[in-house]
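These notes are about the structure you will find just below.
The values are calculated or read from the model by the stated rules, or taken from the named source; none is laboratory data. On a predicted model such as this, the values are computed, not experimentally measured, just so you know. Please note: Cβ atoms are built from the backbone with ideal geometry, for glycine as well, and neighbour counts cover all protein chains shown. Surface accessibility is based on the protein's heavy atoms, side chains included, excluding ligands, DNA and RNA. Shrake-Rupley method; radii C 1.70, N 1.55, O 1.52, S 1.80 Å.
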Amino acid sequence: QVRLVESGGGLVQAGGSLRLSCAASGSTFSIYAIGWYRQAPGKQRELVATINRAGSTHLADSVKGRFTISRDNAENTVSLQMNSLNAEDTAVYYCNAKTDYGAFEYWGQGTQVTVSS
């Protein structure tokens, strides 16, 4: 079992920045990839960014150049630095972790990010 706890959401003006953090606990050795999804009102949950055990990252086209994902394996945390935020980034952001071969998947409780225009 893996437990994920997000922090760092909030309200920010357009053009501003926020940093989200996700702390993993439990069987963290089993995590292959960890990252962030988001879900805006009335929309499906979508991938934002992920990073795997080797440090390889994947970012959605909509956030490339603005968001950066990083992972601290020693602290079992993953962070999402979000710059140049706009109203379309408003959503609940969820931390997600997948184990090797996708056998198991875990979700955090979500943190609200609201960008005011």
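Some points to look at:
- Filtered residue count, segment 1-25, keeping only those that are of a type in the set (S, T, N, Q) and either more than 11 Å from the chain's Cα centre (by Cα) or at positive phi (or both): 4
- Residue within segment 61-81 that is of a type in the set (Lys, Arg) and under 12 Å from Cys22 (Cα atoms) present: yes
- Whichever residue in segment 53-88 is assigned to a strand (DSSP E or B) and open to solvent by 40 Å² or more (accessible area, probe 1.4 Å) and, among such residues, is modelled with the lowest pLDDT: Asp72
- Any hit, segment 31-43, residues being under 26 Å from Ser117 (Cβ atoms), in a loop (DSSP other than H, G, I, E, B) and of a type in the set (A, V, I, L, M, F, W, C): yes
- Among residues of segment 72-96 that are over 19 Å from Tyr106 (Cβ atoms), those with a Cβ under 9 angstrom from a residue that is of a type in the set (Asp, Glu), sequence gap 6+ or separate chain, pair up as Met82/Asp89; Ala91/Glu46.
- Between Thr111, Thr99, Thr50, the distinction of being surrounded by 14 or more Cβ atoms within 10 Å (Cβ to Cβ) and touching a His at 6+ places or on another chain (Cβ under 6 Å) belongs to Thr50 only.
- Close contacts from segment 29-45, counting a first residue that is buried (at least 21 other Cβ atoms within 10 Å of the Cβ) and a second that is of a type in the set (Asp, Glu), with Cβ to Cβ under 9 Å and a gap of 6+ residues or different chains, come to Ile31/Asp100; Trp36/Glu6; Tyr37/Glu46; Arg38/Glu46; Arg38/Asp89.
- Of the set (1) open to solvent by less than 80 Å² (accessible area, probe 1.4 Å); (2) within 16 Å of Val115 (Cα to Cα), all apply to Arg19 but (1).
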